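The values are calculated or read from the model by the stated rules, or taken from the named source; none is laboratory data. All values derive from a computational prediction rather than experimental measurement. Don't worry about glycine lacking a Cβ; one is built from the backbone with ideal geometry, like all the others, and counts go over all protein chains shown.
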Amino acid sequence: MTLLADPAVLAVLIVAVILLGMAKGGLSGVGALATPLAALVLPPATAAALLLPILIVQDVISVWAFRKTWDGWIVARMLPGAALGVVAGWFYADRVDEARLMAALGAITLGFGLYRLWVERGGRIVAASRSPGWVGSLFGAATGLTSQIAHAGGPPFQMWVTPRQLPHLTYIGTSSILFAAINWLKLPAYMALGAFPHEVIVAAALLMPVAIVSTLVTVRWMKQMRAERFYVLIYLLMVALGAKLLWDGVHG
């Protein structure tokens, strides 16, 4: 019996996959909602495993779409830390209190998003951040850890990269390249944990058309969006996402 036999389960998973497609198309961070949403109808470990192959296919689309607009310096600084974060998430999988981690991540994301919106709406001119690379490595570690545990690596990435005020297509391309690499780093850990039984693979395959279409549609939208609107939208999403993660963590 496929995991998608129940119409209610299918509907929730379709929404989760669309959220991932929006994230891979350029709305970085919103994909962190996908795993908690899927976990409403599936065991959390099954939900995370189901979404990983979908993420990897969506990565192919986003990397191709933004292959000419990405910042190699940022990727080079964040990726080593992200690799350590993935290993830590794998090693401590049974000992991490996911609810507390998500609550802390949500609180930080909410506060950061509100602050940046206040800066934007207040009309203040703030110089682009030039924090050193080792800071990016620390945020990379947080990105890898939260991505390994719940595919929720977007907020730590946003907190270090958005203040750098990249051109919005460069921001999206950098996110695409970094998270494509992180998702491949996560794959051996998931395989070692036996996370891909036959029914999970079948369900992921059946959801692939939704994954591909949602990513392509968002990519097209992002390429047409005015740059000044992009960052306001990202900060609004961070506020909403931070509040949701905080709520789930406190009440989970």
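Worth pointing out:
- Tally of residues being over 28 Å from ALA195 (Cα atoms) and basic (Lys, Arg) across segment 60-114: 3
- Subset of segment 128-145 [part of a helix (DSSP H, G or I) and not hydroxyl-bearing (Ser, Thr, Tyr)]: GLY133, TRP134, VAL135, GLY136, LEU138, PHE139, GLY140, ALA141, ALA142, GLY144, LEU145
- Boolean, THR215 is buried (at least 17 other Cβ atoms within 10 Å of the Cβ), polar (S, T, N, Q), touching an Asp or Glu at 6+ places or on another chain (Cβ under 8 Å) and at negative phi: no
- Residues of segment 174-195 that turn out to be part of a loop (DSSP other than H, G, I, E, B) and within 16 Å of ALA150 (Cα to Cα), as a count: 2
- When VAL57, VAL87, VAL15 are screened for being modelled with pLDDT of 85 or more, closer than 20 Å to GLN148 by Cβ and under 16 Å from the mean Cα position of the chain (by Cα), only VAL57 passes.
- Total residues in segment 182-219 satisfying the condition of being farther than 16 Å from ILE54 by Cα and without any contact (Cβ under 8 Å) to a residue 12 or more places away in the chain: the figure is 1.
- Tally, over segment 4-38, of residues that are buried (at least 21 other Cβ atoms within 10 Å of the Cβ) and either more than 27 Å from VAL63 (Cα to Cα) or hydroxyl-bearing (Ser, Thr, Tyr) (or both): 2
- Checking each residue in segment 177-223 for being of a type in the set (D, E, K, R) and within 18 Å of the chain's Cα centre (by Cα) picks out only LYS186.
- Looking only at segment 233-252, residues that are of a type in the set (Val, Ile, Thr) and surrounded by 14 or more Cβ atoms within 10 Å (Cβ to Cβ) come to 2 in all.
- Residue, farthest from PRO44 (Cα to Cα), within segment 146-173, restricted to residues that are at pLDDT below 90, in contact with a helix residue (DSSP H, G or I) (Cβ under 7 Å, 6 or more places away or on another chain) and not in a helix (DSSP H, G or I): GLY153
- Residues within segment 162-182 that are buried (at least 24 other Cβ atoms within 10 Å of the Cβ) and touching an Asp or Glu at 6+ places or on another chain (Cβ under 9 Å), tallied: 4
- Some residue of segment 132-145 being at pLDDT 85 or above, under 21 Å from ARG226 (Cα atoms) and of a type in the set (Phe, Trp, Tyr): no
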